[in-house]
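Comments concern the structure below.
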Amino acid sequence: MANYAASFARAPKTFTDRERSSLLRVTGEHVAGFRDHVLYSLAENTALRQHELLGLNVGDVRAPSGTIKRRVTLRVFKRSNQNVDDQFVFLGDTVRAKIARLLELRARAGEVLGPDSPLFVSSRGKRLSARRARSAFASWQKRAGFERRVNFHVMRHDAISFMYRNKKDPKMVQRFARHASPLSTAIYTHTSDEDLYRAVQEQPA
């Protein structure tokens, strides 16, 4: 247990507020970046892992009525081949509107979107691969003016850390992160560099 606790010495790597806003801004400015804008927005809104995001189908997020679901039951998730329990995430209204817009743009482009169609596709119309998603993420970081390079999983850490910072409720954060154990959530209760910076800004000087 001591070694496990020692692994909590540092908070997980996350975005700065500036990085997060810049990434969403540059991807949302043009239709060409809108797929990735929705992908990153969904990652930040739900803390889904990369393979969980890329495994989503249209039918997972869109009801037969055509509306975007508030609650999404996952088909693909960590250890889904071992875990028989359902896992789900809630979608905020903003990200639901973005998903609806993405599907509208794809339909206008002539795509036939059935329930089994991938939610995120490449320029060739195939399910977006992890390799292409990582490559696009690296390119967008440069365009957003990042001074460092981070991996895709940082978005999950960022989403969970943001939830804890706003709510300070470990049980809610555990549910949001879909952690089986509260020990897995404990790392997010540490003070991040960004938290410390905000606190210093409020100090008298």
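What the table below lists for this structure:
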quantity	calculated
Those lysines that a straight Cα-Cα span of less than 19 Å connects to residue 142, excepting residues fewer than 8 apart in one chain	13
Amide H partners (placed H, <5 Å) of residue 128, local residues excluded	120, 121, 122
Helix 17-28 vs. the chain, principal-axis angle (Cα, 0 to 90°, nearest 10)	10
Cβ-based exposure ranking for 69, 142, in which fewest neighbours within 10 Å come first	142, 69
Reach of residue 98 by Cα under 19 Å, taken over aspartates and glutamates that are not fewer than 8 positions away in the same chain	29, 36, 44, 52, 60, 111
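Where a number appears in this text, it was derived from the coordinates with a stated rule and is not lab data. If you're wondering where the values come from, they're calculated on a predicted model, not measured in any experiment. Glycine also receives a Cβ, built like all others from the backbone with ideal geometry; neighbour counts cover every protein chain displayed.
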